[in-house]
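The values are calculated or read from the model by the stated rules, or taken from the named source; none is laboratory data. Keep in mind the model is a prediction, meaning the values are calculated, not measured. Cβ atoms come from the backbone with ideal geometry, glycine included; neighbour counts cover every protein chain shown.
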Amino acid sequence: MATVDPTMVRLASPDDEGDLMDMLRLIHDESPLRSASGKPLFFSDAKARALVRNAIGCEGERGLSWVGIIGERGNLKASVGLTIIEPSPFSHETLLDATWNFVRPEWRTTSLFARTLMAFSEKVSDSLGIPLMVKSLGEHAGRKAFYERASKCQPFGAVFLYSALNDSPGA
């Protein structure tokens, strides 16, 4: 099994905007989320572009979000979107939300990129001193097993929570 190296993930830059938009469309196409009528949710180019532009610093300073990517410009293999959120309406405590953690289908033959993105996300969580929240939509059994094996995430329904306080995978 190949070694996970979080340094193979780089922060996205404004030059990656077009490639990231293409990747977000692919993520959306694979999403199991549906409207009440059963149709796929509408993809909002404007909303997705605002998310990307904020995370990659197109408007000057970055917001409270980042995009880590594996691959060169024009050939993105995988990416993770990380955003600081306040998940509870009753608290100002924050979490680092993995808005997406995605590997292009042609690169899913091993879990190396997924494990590398997870290690990168945990490193960011540790450096910020806040827990990381990873959500899983759709097929859960494989993802549940992956997150329990590959990280110190603790299952929380279909949401997985990583904190540096967790001392072992699946603990």
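A few remarks follow.
- Matching residues, segment 32-46, being touching a strand residue (DSSP E or B) at 6+ places or on another chain (Cβ under 8 Å) and at pLDDT 80 or above: P40, L41
- Meets criteria (free of Cβ contacts under 8 Å to residues at least 40 places away in the same chain and either more than 28 Å from L161 (Cβ to Cβ) or surrounded by fewer than 14 Cβ atoms within 10 Å (Cβ to Cβ) (or both)) for K77: no
- Matching option when the condition is under 22 Å from V67 (Cα atoms), in contact with a Phe, Trp or Tyr (Cβ under 7 Å, 6 or more places away or on another chain) and modelled with pLDDT of 70 or more, among F146, F160, F113, F120: F113
- Qualifying residue in segment 5-12 (condition: among the small types (G, A, S), surrounded by 16 or more Cβ atoms within 10 Å (Cβ to Cβ) and out of contact with any Lys or Arg (no Cβ under 9 Å at 6 or more places or on another chain)): yes
- When I69 is tested against the conditions (1) closer than 20 Å to D16 by Cα; (2) surrounded by fewer than 21 Cβ atoms within 10 Å (Cβ to Cβ), the lone failure is (2).
- Of all residues in segment 47-56, none are in contact with a strand residue (DSSP E or B) (Cβ under 9 Å, 6 or more places away or on another chain), under 16 Å from G74 (Cβ atoms) and either loosely packed, with under 10 Cβ neighbours inside 10 Å or charged (D, E, K, R) (or both).
- In segment 57-70, of all residues being touching an Asp or Glu at 6+ places or on another chain (Cβ under 8 Å) and modelled with pLDDT of 90 or more, the one that is farthest from P14 (Cα to Cα) corresponds to I69.
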